[in-house]
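The values are calculated or read from the model by the stated rules, or taken from the named source; none is laboratory data. As the structure is a prediction and not an experimental result, all values here were calculated from the model. Cβ placement follows ideal geometry from the backbone for every residue including glycine, while neighbour counts extend to all protein chains displayed.
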């Protein structure tokens with residue numbers, strides 16, 4: 001295991017042709033957060049143009065399936081991996097990938113995004129086959145990188161992250177293969193299952209960071225710990241995901257509603273126990289707390305959607321995809337970008353506006369379709385999302401591409 005020299009300085013000046021030594025390639029959060037932010041903006045921008053009729057769609061897969069893939073396996077996937085590869089260095093003391101290896105994996109990820117738009121007259125599905133290969137290569141590459149760190153440090157308590165990433169890799173591959181076989185309904189069931197898997201990842205990470213960040217940010221004497229609830233949440237979430245997957249792909253007579261509701265209740269209990277009124281004074285805290293509350297609320301809506309048509313399943317799911325995954329990603333990317341570049345955890349007011357816009361976008365997409373024309377609600381939600389991530393890119397792009405303010409490597 002290679003020990004880290006946390007005080008190792010970066011060269012004051014790096015020649016422009018020494019690309020592998022640019023600050024951008026020092027740690028995974030830098031290129032992956034930037035890539036995730038750009039994809040969040042560009043893909044939803046294109047999606048909004050499609051929704052409003054200003055752009056047409058000519059690819060071999062339906063636009064809705066491309067949208068689902070890019071937002072979950074593309075956007076959420078790359079940010080989650082960027083966070084884990086960065087956090088694992090802190091957890092284990094083992095150096096994370098950087099330089100050429102990080103550049104290569106980033107190139108593979110970008111190539112997968114572009115491959116969707118390749119057209120070959122004699123091979124209609126060449127783009128999807130290429131995306132499948134590239135995505136699989138990327139997943140295997142990042143899982144291997146994380147596994148090397150965790151195994152070298154014998155960090156067994158973090159092994160579940162390898163399992164979760166492995167499941168996401170399998171679901172991503174299965175999703176694309178189902179699309180290639182024109183089995184669109186099962187493909188949608190797979191991506192819905194993947195949302196629940198990402199929700200489990202969010203639940204685990206939230207249990208580690210939200211109480212800690214809250215105690216540290218508010219100078220509390222101790223952080224709230226909920227070990228029994230955490231363990232119950234983990235096992236019940238695995239059961240809920242399994243039942244959901246089986247019900248969608250094999251046995252429709254099975255209903256995961258009760259277990260999903262129990263998981264939702266546990267998340268809501270944790271959210272209540274973690275809450276402190278003073279978090280409202282700190283944008284980097286209230287954004288995390290609200291996004292986590294949206295997970296419990298979204299899962300409860302999903303549970304009710306199995307019993308009543310008043311709450312459409314897809315609307316409930318979007319409270320999680322936008323309100324939890326989108327908002328927590330935005331908050332975590334901002335916080336990690338500041339903390340890991342040696343900056344103080346203070347954000348300008350327009351970043352608070354960005355957090356608020358994503359929260360309103362989640363409510364607009366999940367609740368407003370019950371009141372106004374759904375298509376119009378989708379457009380409003382997409383527009384709010386776009387503005388939020390544009391603000392993030394304006395603020396964090398210089399942070400992610402420049403050296404740490406203390407001159408250290410990382």
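For the stretch 272-288, state whether one or more residues are within 14 Å of residue 362 (Cβ to Cβ) and touching a helix residue (DSSP H, G or I) at 6+ places or on another chain (Cβ under 7 Å).
In the first step, residues of the stretch 272-288 are kept if they are within 14 Å of residue 362 (Cβ to Cβ); the result is 287.
Going one step further and asking which of them are touching a helix residue (DSSP H, G or I) at 6+ places or on another chain (Cβ under 7 Å), we end up with 287.
Among the residues of the stretch 272-288, at least one is within 14 Å of residue 362 (Cβ to Cβ) and touching a helix residue (DSSP H, G or I) at 6+ places or on another chain (Cβ under 7 Å), which makes the answer yes.
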On the given criteria, is residue 371 more than 26 Å from residue 213 (Cα to Cα), more than 20 Å from the chain's Cα centre (by Cα) and modelled with pLDDT of 95 or more? no
Residue pairs meeting the criteria (Cβ under 9 Å; at least 6 apart or on separate chains; first at positive phi and at pLDDT below 95, in the stretch 389-402; second surrounded by 19 or more Cβ atoms within 10 Å (Cβ to Cβ) and assigned to a helix (DSSP H, G or I)): none
Kindly indicate whether any position in the stretch 221-241 is surrounded by 15 or more Cβ atoms within 10 Å (Cβ to Cβ), more than 29 Å from residue 305 (Cβ to Cβ) and more than 22 Å from the chain's Cα centre (by Cα). yes
Determine which single condition residue 208 fails, assuming it passes every other condition in (1) surrounded by 16 or more Cβ atoms within 10 Å (Cβ to Cβ); (2) under 18 Å from residue 324 (Cβ atoms); (3) free of Cβ contacts under 8 Å to residues at least 40 places away in the same chain. (1)
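Looking at the stretch 150-167 only, could you name the residues that are assigned to a helix (DSSP H, G or I), more than 21 Å from residue 202 (Cα to Cα) and touching a helix residue (DSSP H, G or I) at 6+ places or on another chain (Cβ under 8 Å)? Outline the logic, then answer.
Taking the stretch 150-167 first, the residues assigned to a helix (DSSP H, G or I) are 150-152, 156-167.
Now drop any that are not more than 21 Å from residue 202 (Cα to Cα), which leaves 151-152.
Once the filter is applied, which keeps residues that are assigned to a helix (DSSP H, G or I), more than 21 Å from residue 202 (Cα to Cα) and touching a helix residue (DSSP H, G or I) at 6+ places or on another chain (Cβ under 8 Å), the stretch 150-167 yields only 152.
If you scan the stretch 388-410, which residues turn out to be part of a helix (DSSP H, G or I) and farther than 18 Å from residue 348 by Cα? Spell out how you get there, then give the answer.
Just the residues of the stretch 388-410 that are part of a helix (DSSP H, G or I), to begin with: 388-401.
Once the filter is applied, which keeps residues that are part of a helix (DSSP H, G or I) and farther than 18 Å from residue 348 by Cα, the stretch 388-410 yields only 401.
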Give me the pairs: first residue in the stretch 342-356 and at positive phi and at pLDDT below 95, second residue surrounded by 13 or more Cβ atoms within 10 Å (Cβ to Cβ) and outside any loop (DSSP other than H, G, I, E, B), beta-carbon distance under 7 Å, and six or more apart or on different chains, which are they? 342/408
Condition broken by residue 45, with the remaining ones in (1) crowded, with 19+ Cβ neighbours inside 10 Å; (2) modelled with pLDDT of 95 or more satisfied: (1)
